[in-house]
1. What about Ile412, is it farther than 30 Å from Lys331 by Cα, surrounded by fewer than 20 Cβ atoms within 10 Å (Cβ to Cβ) and touching a Leu at 6+ places or on another chain (Cβ under 8 Å)?
2. Name the residues in the range 545-567 that are in contact with a strand residue (DSSP E or B) (Cβ under 9 Å, 6 or more places away or on another chain) and surrounded by fewer than 18 Cβ atoms within 10 Å (Cβ to Cβ), would you?
3. For the range 102-121, give me each residue that is surrounded by fewer than 22 Cβ atoms within 10 Å (Cβ to Cβ) and either on the phi > 0 side of the Ramachandran plot or in a helix (DSSP H, G or I) (or both).
4. Evaluate the following for Ala98: is it surrounded by fewer than 24 Cβ atoms within 10 Å (Cβ to Cβ) and in contact with a helix residue (DSSP H, G or I) (Cβ under 8 Å, 6 or more places away or on another chain)?
5. Within the set of pairs 6 or more residues apart or between chains, which connect a residue that is among the polar types (S, T, N, Q) inside the range 336-364 to a residue that is part of a loop (DSSP other than H, G, I, E, B) and surrounded by fewer than 24 Cβ atoms within 10 Å (Cβ to Cβ) with Cβ atoms less than 8 Å apart?
6. For Ile279, indicate whether it is closer than 29 Å to Leu389 by Cβ and of a type in the set (A, V, I, L, M, F, W, C).
7. Out of Ile290, Ile382, report the one residue that is modelled with pLDDT under 90 and either among the hydrophobic types (A, V, I, L, M, F, W, C) or within 13 Å of Leu97 (Cα to Cα) (or both).
Amino acid sequence: MFKHFRGDLFGGITAGIVALPLALAFGVSSGLGPSAGLYGAIFISFFAALFGGTNTQISGPTAPMTAVSMVVIAGIIAVNDGDVGKALPAILTVFLLAGLMQIGLGLVGLGKYIKYIPYPVVSGFMTAIGVIILVTQILPAVGYYPKEDSDYVNQFMPEAEEKILENILKEEAGEGILVLENFTETIKRAEKITHDDMLKEASTLASKDASGVLGTFKVLPRAINNINWLELALALATIFIIYGFKKITTAIPSTLVALIAVSGVAYGFGWNYRPIEQIPSGLPVPNLNIFTSFQFDSVSPYIFTALTLALLGAIDSLLTSVVADNMTQTKHKPNQELVGQGIGNSIAAIFGGIPGAGATIRTVVNINSGGKTKLSGMVAGILLLVILLALGPVASQIPAAVLAGILVTVGIGVMDYRGLKAIPHLPKDIKLGPLKLSSEVIIMLVVLVLSSVWNLVYAVGIGLVIASLMFMKKIGDLTAKHSKVKALREEAWSDEKNVPKKILDKVFIKHINGPLFFGSTNEFQQLASQIPDSASTVIIRMGRMQYMDQTGLYAMEDVLQDLKRKGATILLVNILEQPRYMLERIDIIPDLIPENNVFSNLKSCLAWVDTHLNTKE
């Protein structure tokens with residue numbers, strides 16, 4: 001582990017610096033405060049690296065995990081009358097449960113099955129995450145906080161009175177008091193309720209009503225009429241520096257530059273801005289109330305949400321692991337990675353941190369800065385702990401609007417623009433009355449809309465169900481046409497027995513049997529590693545590939561680009577109608593593979609190869 005100590009040290013330090021502003025911002029966005037984001041970054045980074053299966057992975061709070069966590073936190077706080085302290089044990093128990101579920105997923109070997117999540121579902125979800133983060137940061141960016149708007153809060157006073165009375169009746173029912181026979185006790189308890197109690201309840205209801213995408217749009221007119229111009233200026237300055245500084249240099253993280261510069265100016269000039277919540281000084285301490293105050297009833301409604309957090313963290317981490325593999329030419333261990341992520345999330349939950357996953361940008365920064373082993377991720381966690389201990393009081397002076405500006409850029413960056421750009425070009429393969437629509441676009445948009453305005457968890461479930469039903473229909477249609485569906489494997493076809501040896505010595509022939517869809521792309525992507533160095537020409541026979549979905553299309557594009565980078569000449573043979581349509585929609589044909597390299601049969605392809613080889617010789 002210490003062989004590459006210098007590279008790991010610089011990689012970990014750089015990744016930790018990049019993680020700092022994001023950890024604070026995600027903590028604030030989650031609703032638990034900046035310290036929760038920092039604690040999550042410290043413990044997940046260290047323990048996921050120590051026990052995980054990807055050497056260069058840097059883990060911590062991420063946009064998708066924070067977005068789902070927001071739902072959990074807001075729901076449990078609302079149930080507990082807006083009291084964060086009262087709700088915290090249940091919140092952290094859900095996070096702990098998610099971490100334990102991740103460990104379980106790794107131990108039973110489910111890491112290799114994550115690839116079966118269809119691309120449109122992932123694309124719609126990621127874009128929804130971007131929309132949620134972007135929209136929900138509008139209010140703090142303009143300095144408007146609904147629960148501090150007295151006119152808005154007063155609208156909820158009648159509802160607050162009803163809620164308080166309902167709580168009194170529930171208490172009495174729990175104590176066995178027959179309230180319908182005698183309201184004396186009810187009146188006595190109601191008389192103890194003060195105006196401040198009702199105002200607090202109304203503030204909680206106001207915050208809940210203004211939460212999320214729809215809630216933000218509901219109060220947006222009030223926010224515009226009550227803009228705090230200083231807060232808005234700080235947020236805009238942060239956004240401007242983040243995007244502008246990248247054009248000067250990428251050697252220093254622009255997010256950190258924006259955080260230090262804008263916060264320093266605001267604090268130095270003594271401006272009357274709103275700071276973030278106070279970050280506790282000293283070492284993080286475990287929240288033992290998770291265990292001592294455990295109540296199954298308070299957690300049971302969120303078991304499915306905990307499973308969603310576990311699965312989302314698994315997908316997020318393993319996708320980042322694939323990126324790390326491609327950059328370092330290594331191979332991660334998916335099940336061990338899930339165990340490591342689960343341990344990191346579990347320990348973070350015990351210490352009050354929000355959950356996280358493998359973070360792509362931080363992992364790329366680590367690798368580019370020299371990180372090569374697990375030590376780099378552990379260094380990143382230790383650095384954040386040192387910053388917490390040494391600079392906690394200083395960090396507490398950061399303007400809330402600065403973190404809102406950072407999150408705006410995160411929301412813009414996390415959206416899946418690749419999937420959005422493909423929408424006009426995907427094949428319209430289903431009919432709804434007179435309309436022709438693309439099934440993959442429908443899935444993407446359903447997940448995007450439902451995730452943004454309703455429920456992230458249910459939206460992904462519905463997207464998976466729709467994708468599965470549509471996939472089964474397509475496979476059924478293909479089977480009806482007597483198509484042979486086989487696994488992707490190498491075997492010579494009958495018409496290749498007479499291919500001259502001089503051609504076979506320099507040509508690699510790859511066969512694709514059956515559809516190329518989200519469940520078969522992993523095997524197909526192994527193509528590049530199967531091709532011998534002596535093969536200067538690659539023939540891909542596609543006559544038995546009846547169908548290609550969007551996930552398969554991008555997998556094909558990635559492999560073809562990789563072969564091109566290695567200098568191979570690629571020839572495509574007998575492309576069927578639907579796959580050809582897909583390849584042409586994103587211009588793989590003719591931009592990546594010229595029309596001259598596409599053949600209707602093997603005979604004409606071999607004739608071209610023979611002529612080409614003779615010309616070269």
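The values are calculated or read from the model by the stated rules, or taken from the named source; none is laboratory data. Given the structure is predicted, the values throughout are model-derived calculations rather than measurements. We place every Cβ from the backbone using ideal geometry, glycine too, and count neighbours over all the protein chains shown.
1. Details: farther than 30 Å from Lys331 by Cα: yes; surrounded by fewer than 20 Cβ atoms within 10 Å (Cβ to Cβ): yes; touching a Leu at 6+ places or on another chain (Cβ under 8 Å): yes.
The answer is yes for Ile412.
2. Lys564
3. Passing the criteria: Ile103, Gly104, Leu107, Gly109, Lys112, Tyr113, Ile114, Lys115, Tyr116.
4. On the way: surrounded by fewer than 24 Cβ atoms within 10 Å (Cβ to Cβ): no; in contact with a helix residue (DSSP H, G or I) (Cβ under 8 Å, 6 or more places away or on another chain): yes.
No.
5. Short answer, once both residue conditions are applied: Gln336/Gly53.
6. Details: closer than 29 Å to Leu389 by Cβ: yes; of a type in the set (A, V, I, L, M, F, W, C): yes.
In short, yes.
7. On the way: Ile382 fails: modelled with pLDDT under 90.
That would be Ile290, the only listed residue that is modelled with pLDDT under 90 and either among the hydrophobic types (A, V, I, L, M, F, W, C) or within 13 Å of Leu97 (Cα to Cα) (or both).
For (1) closer than 20 Å to Ile129 by Cα; (2) polar (S, T, N, Q), each residue gets a yes or a no:
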position	(1), (2)
Ile423	yes, no
Ile430	no, no
Val441	yes, no
Leu448	yes, no
Ser451	yes, yes
